[in-house]
Amino acid sequence: MGGEGLEPVGREKVLATSWHEPGIEIVGVEQPFDVPLIDLDTGEVLDRALVGTLDLIERDAEGRIVVVDLKTSARKYTDLQADASLQLSVYSYATAMNGLADQEDLRLRFDVLTKTKQPELCRYWTQRDRAANLRLFRLAAEVLHAIEAGVFHPNPGWQCKDCPFRSRCWAWR
Ligand code: SF4
């Protein structure tokens, strides 16, 4: 997914920036979600739920909900990274499923703190639509089918840090 979650100090810096912006209300921090994966075309429900945590939820001056993911990165992102992010697609779907906002009104944002000599906080805005939900469902369904069929390939990243299968996975040839 690119980038890393923020360490506590960076997280506080980004949160403090939001807290001090006029008209911005903090709705939630570290909000867990657990929602069913539903094909909006057919009504099919996968037998695994979509589970995760939203870093930050804001309400902007116009009353719209904004879901924010906090990152650190060696360099700035591109707009395409926000537009193509599967993570933000998941957050958009989960937030709408939880009834926090209509998806058409929901805004998504990466707040990226660069780990450069002069750290910079960069913001990347995007949104998702119904087609993104359909794509997310199909992707999840395909991955589940692959798991059930015994297909495995390592996909290393930040998530390996706490993975209980790491010793076996990293020995995989
Ligand atoms: S160690 Fe765990 S998280 Fe990392 S690639 Fe292997 S299975 Fe995935």
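What follows draws every value from the coordinates through simple rules; no lab data is involved. Please read these numbers as outputs of a predicted model, since none were measured by experiment. Cβ placement follows ideal geometry from the backbone for every residue including glycine, while neighbour counts extend to all protein chains displayed.
Values computed for the structure shown
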| quantity | calculated |
| --- | --- |
| Near-label residues of segment 59-84 by backbone N, under 18 Å of a point 7 Å along Cα→Cβ of ALA131 | 80-84 |
| Mean Kyte hydropathy of -1.0 or more with a Cα span along the axis of at least 20 Å, helices from DSSP in the chain | 130-148 |
| Estimated dipole of segment 71-153 in Debye, rounded to 20 [Cβ of Lys and Arg +1, of Asp and Glu -1, Cα centre] | 440 debye |
| For segment 139-166 and segment 69-85, distance of Cα centres in Å | 23 Å |
| Distance in nm between pseudo-label sites at ARG173 and VAL35 (7 Å out along the Cβ direction from Cα) | 4.4 nm |
| Normalised contact order of the chain, rounded percent, pairs of Cα under 8 Å and 6 or more residues apart | 19 percent |
| Cα-based shape type of segment 114-173, given that a ≥ b ≥ c are square roots of the gyration tensor eigenvalues and the cut on a/c is 1.5 | oblate |
| Cα-based shape type of the chain, given that a ≥ b ≥ c are square roots of the gyration tensor eigenvalues and the cut on a/c is 1.5 | oblate |
| Rounded to whole Å, sorted largest first: equivalent-ellipsoid semi-axes of segment 73-119, Cα gyration tensor | 27, 10, 8 |
| Positive minus negative residues near PRO36 (Lys, Arg vs Asp, Glu; Cβ under 10 Å) | -1 |
